[in-house]
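Inspection log for the structure reproduced underneath, given as structure tokens.
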Amino acid sequence: MRLVAPEGGGLLVDVDQRLEGRGVYLCPRRECMREAVKKEKISKALKKKLEGVTPEALESLIYEAHRDRFFSLIHFCRKVGRLIVGREAVKKELKRGRVCLLLLAEDLSARSKRLFEDAKVPLVEVGRLEEYGEALSTRPVGVLAVTEAGLARRLFFVAKKLQQMEGRNN
């Protein structure tokens, strides 16, 4: 993952790896972050003194940036009409072959998850029912599908980073 030190100071997580400015790549594992902060490797690579950066603060910053990006992408998919929401609507689109990525809430019931375990598309479990509902300004929802390949790839990439940071690899 890439970190950037903007001109105004501070530290930004470059989730999409597109921000301008001097950047540094960092392994997302907790041990790598701890060592990078402890030995001031980030400050040295960015050629900038970073004040008050602790391993915990860095880990939190990186995690929250990826989580925010994930849910903003969900919102964007909905806005451009490339998101199917709800169990029955997703099942219908799966039968039509229009689904590029299936998203299931982590706290979705096991019974509901089993309905989609044989889907022939990538499936990711990230987020909670309430978080999806909040991102979509609707009731809590646990089954979503993305119908555009480029957006599906981007969401899959960010979701896998989140799972990696959470210590899961489903």
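Brief remarks on what is shown
- Within the range 93-170, strands (runs of 3 or more DSSP E) holding 3 or more residues that are open to solvent by less than 60 Å² (accessible area, probe 1.4 Å), within 20 Å of Phe76 (Cβ to Cβ) and touching a residue at least 60 places away in the same chain (Cβ under 8 Å): 143-146
- Taken over the range 34-47, the criterion of being part of a helix (DSSP H, G or I) and either under 21 Å from Gly21 (Cβ atoms) or β-branched (Val, Ile, Thr) (or both) is satisfied by Ala36, Val37, Lys41, Ile42, Ser43, Lys44, Ala45, Leu46.
- Taken across the range 59-68, residues that are of a type outside the set (D, E, K, R), without any contact (Cβ under 8 Å) to a residue 40 or more places away in the chain and closer than 19 Å to Cys27 by Cα do occur, with at least one present.
- Only one entry of Glu31, Glu51 meets the criterion of being open to solvent by 70 Å² or more (accessible area, probe 1.4 Å) and assigned to a loop (DSSP other than H, G, I, E, B), and that entry is Glu51.
- One residue from Ser72, Ser60, Ser43 being of a type outside the set (Asp, Glu), surrounded by fewer than 16 Cβ atoms within 10 Å (Cβ to Cβ) and over 22 Å from Val143 (Cβ atoms): Ser60
The values are calculated or read from the model by the stated rules, or taken from the named source; none is laboratory data. Computed from a prediction, not measured in an experiment: that's the story for all the values here. All Cβ positions, even for glycine, are placed from backbone atoms using ideal geometry, and neighbour counts span all protein chains on display. Areas reflect the complete protein model, heavy atoms only, side chains present, ligands, DNA and RNA absent. Shrake-Rupley method; radii C 1.70, N 1.55, O 1.52, S 1.80 Å.
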